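To start, the structure under review is shown below, and the notes come after it.
The values are calculated or read from the model by the stated rules, or taken from the named source; none is laboratory data. The structure displayed is predicted, hence computed values, not measured ones. Using ideal geometry, Cβ is built from the backbone for each residue, glycine included, and neighbour counts are taken over all protein chains shown.
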Amino acid sequence: MGNTRMLFEKAKEMIGELDMTAALRKLAENHKDKIVFSTSFGLEDQVISHLIFSNHIPIKVFTLETGRLFPETYSVWNRTLEIYKEKIEAFFPQMDSVEQLLRDKGPFSFYESIENRKECCGIRKVEPLRRALLGNQVWITGIRKEQSMNRAGMQNLEWDELHQVIKYHPLFDWNAEEVKKYITENNIPYNALHDKGFPSIGCQPCTRAVKQGEDERSGRWWWENNSKQECGLHQSH
Ligand code: ADX
Ligand code: SF4
């Protein structure tokens, strides 16, 4: 474990001033077969998938298929496969846990309390994420610091103590406009919901459109007043 922590210090030095494509290449080279990218098929993730796939960088791409995604998300997932012809792995929740949750609490338990919501996220996202990261050393995500106050406190390269991996967010300093511009200029497929007021897209029952001027993540778990609007994938520091 301690050794992996040391890899973080090395990675920090290594990527230094490199641009993100070079940084991804370098990390892939130094953490061969132990580097993964998690995609939820959001705008940021599509930029990163494009970089990885079009440059053939050997980074494994996976998604957490919660079973509650929007139809539009499945569409962009499929279009991404058609265009890039590369593999995207899917991690599904443990069948027994989902069956028990549905048996005990029904399909909408997450609206009832933060505890219930975290239970569902735990089963459908956090546990599958743990499996997806197992045995890896680097985890790439599409997090940007602008997305929330909570995320502003993160770093583009971090050590994730819980999962014992280096976390790298290549678009950490980009703003929403830069992401959109990159998507348009490079003709990258994207989730149709982004054009309907959804800046941030998660599970269908837990995501709604936001009004102009509202926070990017305010449409996620919108009924909760005092949670950090995080599902437990990304711990705050
Ligand atoms: S979340 O924690 O609130 O769901 P958000 O939707 O902002 O996260 O996405 C931030 C990053 O977390 C994404 O860029 C992606 O790397 C990862 N992520 C979020 N949801 C998923 C998912 N369903 N599958 C894979 N990765 C995901
Ligand atoms: Fe469950 Fe909603 Fe969390 Fe998805 S976002 S895992 S549906 S509570």
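Below are the figures for this structure:
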read-out: Criterion violated by residue 89 - all others in (1) surrounded by fewer than 19 Cβ atoms within 10 Å (Cβ to Cβ); (2) within 28 Å of residue 208 (Cβ to Cβ); (3) touching a strand residue (DSSP E or B) at 6+ places or on another chain (Cβ under 7 Å) satisfied; value: (2)
read-out: Some residue of region 89-98 being in contact (Cβ under 8 Å) with a residue 40 or more places away in the chain and within 15 Å of the chain's Cα centre (by Cα); value: yes
read-out: Residue within region 70-90 that is more than 10 Å from ligand 1 (Cβ to nearest atom) and under 21 Å from residue 224 (Cβ atoms) present; value: yes
read-out: Residue list for region 72-88, filter: free of Cβ contacts under 8 Å to residues at least 24 places away in the same chain and part of a helix (DSSP H, G or I); value: 74, 78, 81, 82
read-out: Candidates 41, 37, 62, 53, filtered to the one that is within 16 Å of ligand 1 (Cβ to nearest atom) and part of a loop (DSSP other than H, G, I, E, B); value: 41
read-out: Odd one out for residue 102 among (1) hydrophobic (A, V, I, L, M, F, W, C); (2) closer than 21 Å to residue 32 by Cβ; (3) in a helix (DSSP H, G or I); value: (2)
read-out: Scan of region 188-237 for residues that are part of a strand (DSSP E or B) and either in contact with a Lys or Arg (Cβ under 7 Å, 6 or more places away or on another chain) or at positive phi (or both), ordered by number; value: 207
read-out: Selected residue (criterion: farthest from residue 223 (Cα to Cα)) from residues of region 134-153 that are away from ligand 1 (no atom under 11 Å from the Cβ), touching a residue at least 60 places away in the same chain (Cβ under 8 Å) and of a type outside the set (S, T, N, Q); value: 135
read-out: Every pair of residues 6+ apart whose Cβ atoms lie under 9 Å, when the first sits in region 111-125 and is in contact (Cβ under 8 Å) with a residue 60 or more places away in the chain and over 14 Å from residue 99 (Cα atoms) while the second is within 16 Å of ligand 1 (Cβ to nearest atom) and among the β-branched types (Val, Ile, Thr); value: 118/126; 121/66; 125/66
read-out: Total residues in region 120-152, condition β-branched (Val, Ile, Thr) and either more than 16 Å from ligand 2 (Cβ to nearest atom) or not in a helix (DSSP H, G or I) (or both); value: 4
read-out: Residue in region 176-192 that is within 13 Å of ligand 1 (Cβ to nearest atom) and at pLDDT below 95 present; value: yes
read-out: Qualifying position, being surrounded by 13 or more Cβ atoms within 10 Å (Cβ to Cβ), in contact with a helix residue (DSSP H, G or I) (Cβ under 8 Å, 6 or more places away or on another chain) and of a type in the set (Gly, Ala, Ser), among 142, 202; value: 142
read-out: Residue match in region 165-172 (condition: surrounded by 15 or more Cβ atoms within 10 Å (Cβ to Cβ), under 15 Å from residue 42 (Cβ atoms), without any contact (Cβ under 8 Å) to a residue 60 or more places away in the chain and within 16 Å of ligand 2 (Cβ to nearest atom)); value: no
